Amino acid sequence: MEEKIYEVEMIYIQNPSGTNYSIEFGGRRSKTVKLNFSKVEGIEFSPKRPLEMKNSYIQLAEGQNKVWNLRLNFPTNLSVDYVLNKIIIETI
């Protein structure tokens, strides 16, 4: 399953329980897209060209949902793929 998402400025990655993940992509000029995955072993963020981040926040405290929020400097087009229990996010 490959999904292409355009003009992304913010990415919210959540692990609400076990191996379930939810990724939400948002931007000022684009509609918010939310993707849900199960049986995830890891997430690979692999930009093919340099990607500028404005800021990033990771929450890994015990007893709370694992969260990774990223805010990008410029709108970016991304491809999200789910292969062999791994989520792969790339620039396009």
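If you build a Gaussian network model of the chain, linking Cα atoms that sit under 10 Å apart, which residue out of LEU60, LEU72, LEU51 swings the most?
Of LEU60, LEU72, LEU51, the Gaussian network model singles out LEU60 as fluctuating most.
If I compute Cα extents along the principal axes in Å from the structure I just sent, which labelled value in (i) 33, 27, 24; (ii) 51, 30, 19; (iii) 40, 24, 24 lines up?
Computed from these coordinates, Cα extents along the principal axes in Å corresponds to label (i).
Quick one: which of LYS4/LYS34; LYS4/LYS86; LYS39/LYS66; LYS4/LYS48; LYS4/LYS39; LYS39/LYS86 span more than 19 angstrom between C-alpha atoms? Display every interim value, and only then the final one.
Working: LYS4/LYS34 12 Å; LYS4/LYS86 17 Å; LYS39/LYS66 15 Å; LYS4/LYS48 15 Å; LYS4/LYS39 21 Å; LYS39/LYS86 9 Å.
LYS4/LYS39, as the Cα separations exceed 19 Å there.
Treating only the Cβ of Lys, Arg, Asp and Glu as charged (+1, +1, -1, -1), what charge dipole size does the chain show about its Cα centre? Round to the nearest 20 debye.
260
Give me ILE5, ILE87 sorted ascending by neighbouring Cβ count inside 10 Å, so fewest comes first.
ILE87, ILE5
Note down the relative contact order for the chain as a percent, whole number, built from C-alpha pairs under 8 angstrom at least six residues apart.
36
Can you put TYR57, TYR6, TYR21 in order of Cβ neighbours within 10 angstrom, beginning with the fewest?
On the way: TYR57 10, TYR6 15, TYR21 22.
Going from least to most buried by this count: TYR57, TYR6, TYR21.
FYI, it's all coordinate maths here, none of it is from the lab. Small disclaimer: the values here were computed from a predicted structure and weren't measured. Methodologically, a virtual Cβ is constructed for each residue, glycine included, from the backbone with ideal geometry; neighbour enumeration extends over all protein chains shown.
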